[in-house]
Amino acid sequence: MGDKATEELIVVGVLSSAEPLSYTTFLLTLLHLTHSGTGQRILPFLISPRNSPLAVAYLITAKKAKYLWANGEQTQVKTLANEATTHLEQGNTPSIISFPTFADLYSPRDASLHYTKIQDSHATVVFSVPSFLEAWADDRKNVKVLKKMKVIYWGGGPLSERTGRFLHQDVNIVTIYGATKFGAASEIDAKHHEEGYEWFRFPSNVFPALPSDVTEDPDTYELLFKQCETHHLSAINMEIDG
């Protein structure tokens, strides 16, 4: 990028050794921002914390960085940023801003946030993990909305028996069984099974096998899927029946 293009942008230095997810998220955010005062685009300039204070100061000056985001929680990076400013001429010192933490960027899961979006979007079909269903079922107001759904598909883990039996009475919840190695292996029905919320059927295109564990417990069975013409597995890790 030439000097003319750079003059049309506001250069923001990023001095951080944050973990990859936070670093990448913050970088991509900067690329989509404009300055609230001037409307100019933001150009992030990444500076390695392995540089010396003098080298950091040189880079800030060379790129005419107006702001410097630095890890306030990391003493080494914070010290590096402060020492770098001592090598800058008066009037060329950028504003130092604390780099956001992982908790700042990714707040803890809140099932109510997802529930609000379901209402706002007027969704009629929902795919959910069990933990969200259990959180929603604790509030009678939520259940009234869930009853209006055509179907709620759940999977990825066990649903508590209390929640499952409670919702099964008036909410159309249907389980989807699957795994990385073989994909979705159950029929995706539009109506729950009368036998219970945890029941599902295998479709005709898969080839399941249920050998018992004769060494530990003959009443315990392991679900296996054989590769066949209509069901190609992502990975094969054993041989059964030759």
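The values are calculated or read from the model by the stated rules, or taken from the named source; none is laboratory data. Predicted model, so just to flag it, every value in this text is computed and none were measured. Glycine gets a Cβ as well: all are built from the backbone with ideal geometry, and neighbour counts include every protein chain shown.
A few notes on this one:
- Selection over segment 29-78 of residues that are of a type in the set (A, V, I, L, M), under 13 Å from Thr93 (Cα atoms) and assigned to a helix (DSSP H, G or I) gives a count of 5.
- Every test in (1) at pLDDT below 90; (2) touching a Lys or Arg at 6+ places or on another chain (Cβ under 6 Å) is passed by Tyr106 save one, and that test is (2).
- Flag if Pro100 is surrounded by 15 or more Cβ atoms within 10 Å (Cβ to Cβ), farther than 30 Å from Asn71 by Cβ and out of contact with any His (no Cβ under 8 Å at 6 or more places or on another chain): no
- Contacts under 7 angstrom Cβ, first residue in segment 213-230 being over 16 Å from Tyr177 (Cβ atoms), partner surrounded by 11 or more Cβ atoms within 10 Å (Cβ to Cβ) and not polar (S, T, N, Q), 6 or more apart: Thr220/Asp213; Lys226/Phe207; Lys226/Ala209; Gln227/Leu233; Gln227/Ile236; Cys228/Phe207
- Test result for Ser204, of a type in the set (Ser, Thr, Tyr), without any contact (Cβ under 8 Å) to a residue 40 or more places away in the chain and over 21 Å from Trp154 (Cα atoms): yes
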